[in-house]
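> There's a structure below that I have some questions on.
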Amino acid sequence: MSLVTAKREPVRLNSIDGQLNRSLAAWEALTKLDVLKSAQREMTMENAVGLVMTGGGARGAYQAGVLKRIGELKRARTQGNPFPIIGGASAGAINGAALATGCGDFAQATQRIADAWATLEPSDIFRCGLLSQAQNSITWIFDLSFGAILGGGNARSLLDATPLHYFLNKHLDCDRIQENIKRGDLYALAISATNYNSGRSYLFIQGKKGHPLWKRIRLVTVATKITVDHVCASSAIPMVFQPVRLKTPRGSAFFGDGCARLQQPLSPVIRLGAEKVFAIGVRCGNKESQEEATDERNPSLAQVLGVLLNVMFLDHLATDIEHLEHLNQLLDDGHISQLGIEGHEKIRSLGTFIIAPSVNLSDLAEQHQKDMPALIQYFVSSLGRDAASCADLMSYLLFTPNYTRDLIEIGYLDASERIEEIEEFLYSSKGNAESALASQTGGNAPKAGSAAKPTGSSVRSRG
């Protein structure tokens, strides 16, 4: 036995030495990989791309489709999250928070976001049962009929969005946001919400230590840990979903949809240091060039509500882009200088890339209205004279898998049509990248992802 042991001992020692050598080699390789990734992250922050996603209710599924295609880029799989700064409001806050929690593996995170939207049901967002709708309807009737006498103010919203909180709690691990910030996968996440008590717009920011904070007359920025409550508040469509109570430095207050007062949706990511802005819109660009429909009938309530939601969710992003182009034109013509006006911030060059749906999402929603639960469909239809008059409103409330899957596919295909431009924009080392606008022009529906002529954009950091 002693001889056997004596003969085997050197073999065991050699095996241990081999294991140690392999472990050291693996450690050195991992160290080099970490250094490489850190260098890549620093390079990314030098030319940081800010992602902007605004609201749109169920239309947020389009954003998921665009992100899914970007997540399939080889560089996104190897280099990680291309958006160190993320700004979101309403449905964009949901997608932004989901991306911020999972950006350690960007490709997997974008796939999971798309999967969540693809399997979404109305009952995941709001209560659809007869009892819930009956109680809500009675409350509204009581307030409208006897509120002045017996005291009103009991009705909070048209729909009860309590299930949304449970759904987000199940899918969002907000503790991972700080972990991704510490690892360098994320610089900051900014979520907008509207304070119903003060009427001010709040910007809740979780980011790297020392990130910028600013204040304007109707805007308050707060450095805080982002939670599911912040996301629910930002996505609480006015009158449709109930407000959410949040803690602020001045106490608690009730908050609603972040798009309500967010007139400059590009501003948060710009102020946080983005040199380039990638924005995902949810309005069909071709719709802007269509001739106005002539209808001499009085608009239905559903039609009016749809227009109001369009103004809140869709118009601000388009207006902000127009403002950027105007500033750039003034700069190019020499009417203003990069030094700006004395006492104000310097105007700096900003590259922008805007992608928007190639089809009219309201028309798509009209085709899917029958997918809604019968009671909700009956309720919405009672506000309009026909399916067409309810289409805009329905396009925000159709949290049904058939509709969201179509939106994901449209977003995916639109991004695929322009994937080379997108990759060039995201990974170009140019500080002053050209702008690529995906808003469609012309009377006929263009090919998906068609773009206007690229132009540069300049911007003054704004509140």
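The values are calculated or read from the model by the stated rules, or taken from the named source; none is laboratory data. Fair warning: this is a prediction, and the values are worked out from it, not measured in the lab. Note that we place each Cβ from the backbone using ideal geometry, even for glycine, and neighbour counts take in every protein chain shown. Note: areas computed on protein heavy atoms with side chains; ligands, DNA, RNA excluded. Shrake-Rupley method; radii C 1.70, N 1.55, O 1.52, S 1.80 Å.
> Give a quick list of trypsin sites (Lys or Arg not before Pro) in segment 134-212 that DSSP marks as loop, anything other than H, G, I, E or B, with at most 12 other Cβ atoms within 10 Å.
Qualifying residues, ordered by number: LYS209.
> So between MET239 and LEU308, what do we pick up on full extension, going 0.36 nm a residue minus the alpha carbon distance?
23.7 nm
> Given R₀ = 41 Å, FRET efficiency for ILE149-ARG216 by Cβ-Cβ distance, to 0.05?
Computed FRET efficiency for ILE149 and ARG216: 0.45.
> Let me ask you something else. For the residue pair ALA223 and GLU424, what label-to-label distance in nm results when each label sits 7 Å from Cα along the Cα-to-beta-carbon direction?
Between ALA223 and GLU424, the label points sit 3.9 nm apart.
> In Å³ and rounded to a whole number, note down the convex hull volume per residue for the Cα atoms of segment 160-231.
Normalising the Cα hull of segment 160-231 by residue number yields 81 Å³.
> Determine, from the Cβ-Cβ distance of ARG77 and ILE141 and an R0 of 60 Å, the FRET efficiency 1/(1 + (r/R0)^6), rounded to the nearest 0.05.
Efficiency, rounded to the nearest 0.05: 0.65.
> Could you do me a favour and compute the accessible area per residue for segment 52-170, 1.4 Å probe, result in Å²?
That works out to 40 Å² for each residue.
> Quick one: P(r) of segment 83-131 from all Cα-Cα pairs, 5 Å bins, percents rounded to integers, in order of increasing distance.
Calculated P(r), rounded to whole percents: 5, 18, 23, 23, 13, 8, 5, 3, 1.
> Going down the list LYS215/LYS276; LYS247/LYS276; LYS74/LYS170; LYS225/LYS276, which pairs span over 27 Å between their C-alpha atoms?
LYS247/LYS276; LYS74/LYS170
> Using the basic label-point model (7 angstrom from Cα toward the beta carbon), what is the SER382 to LYS182 distance in nanometres?
About 5.2 nm, to one decimal.
> Another one. Please go through segment 242-279 and write out the trypsin sites (Lys or Arg not before Pro) that DSSP classes as loop and that have at most 16 other C-beta atoms within 10 Å.
ARG250
> Follow-up. Just to verify a number: FRET efficiency for HIS326 and ASN169, C-beta to C-beta distance, R0 = 41 Å, to 0.05?
For R0 = 41 Å, the calculated efficiency reads 0.45.
> Testing the spin-label approximation: label points 7 Å from Cα along Cα→Cβ at LEU413 and LYS370. State their distance in nm.
With each label placed 7 Å out from Cα toward Cβ, I get 2.2 nm.
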